[in-house]
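Enquirer: One structure, pasted below without further comment.
The values are calculated or read from the model by the stated rules, or taken from the named source; none is laboratory data. Please read these numbers as outputs of a predicted model, since none were measured by experiment. Neighbour counts are summed over all protein chains in view; Cβ atoms, including those assigned to glycine, are modelled from backbone coordinates with ideal geometry. For accessibility, only protein heavy atoms count, side chains too; no ligands or nucleic acids. Shrake-Rupley method; radii C 1.70, N 1.55, O 1.52, S 1.80 Å.
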Amino acid sequence: MGDHGDIVAAIFGYPLAVSKPDGSANKILWVSRRPAAPGDLVIEARLDGSDASVSRRVAGGPGPSIIDLPEPGCWRLTLVWPEHTDSMDLTYR
């Protein structure tokens, strides 16, 4: 759940990982607590303890996605979608 409680990341590809030998994906269903106007979900991810950062976009806003990140560790995500902002930490192996 996001720090402000406005979004939930339902992880279907547990555990999240940089590489998955079995070929499975890092599937995340993003669920907004409140309805949002049409628009994309923009994810700014920063790896804890480093300068590494990446951006990801979920077309159409919160919903099903595959979110791959480049390095293992704890990632701080800033999530922005129309009229909403939240943040959360996700760990990738």
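Enquirer: Report relative contact order for the chain in percent, whole number only (criteria: Cα-Cα under 8 Å, sequence separation at least 6).
Expert: Once divided by the residue count of the chain, the mean separation gives 32 percent.
Enquirer: Provide the per residue accessible area, probe 1.4 Å, for the chain, rounded to a whole number of square angstrom.
Expert: That works out to 57 Å² for each residue.
Enquirer: Run the accessible area of the chain with a 1.4 Å probe and give the carbon-and-sulfur part as a rounded percent.
Expert: 53
Enquirer: Separate question: What does the net charge come to around Leu47 if you take all other residues with beta carbon closer than 13 Å to its beta carbon, with K and R at +1 and D and E at -1?
Expert: -3
Enquirer: Quick one, can you get me the convex hull of the C-alpha atoms of the chain expressed as volume per residue in Å³?
Expert: In the chain, the Cα convex hull volume per residue is 83 Å³.
Enquirer: Can you give the local net charge around Arg33? Use residues other than it whose beta-carbon is closer than 15 angstrom to its beta-carbon, Lys and Arg +1, Asp and Glu -1.
Expert: -3
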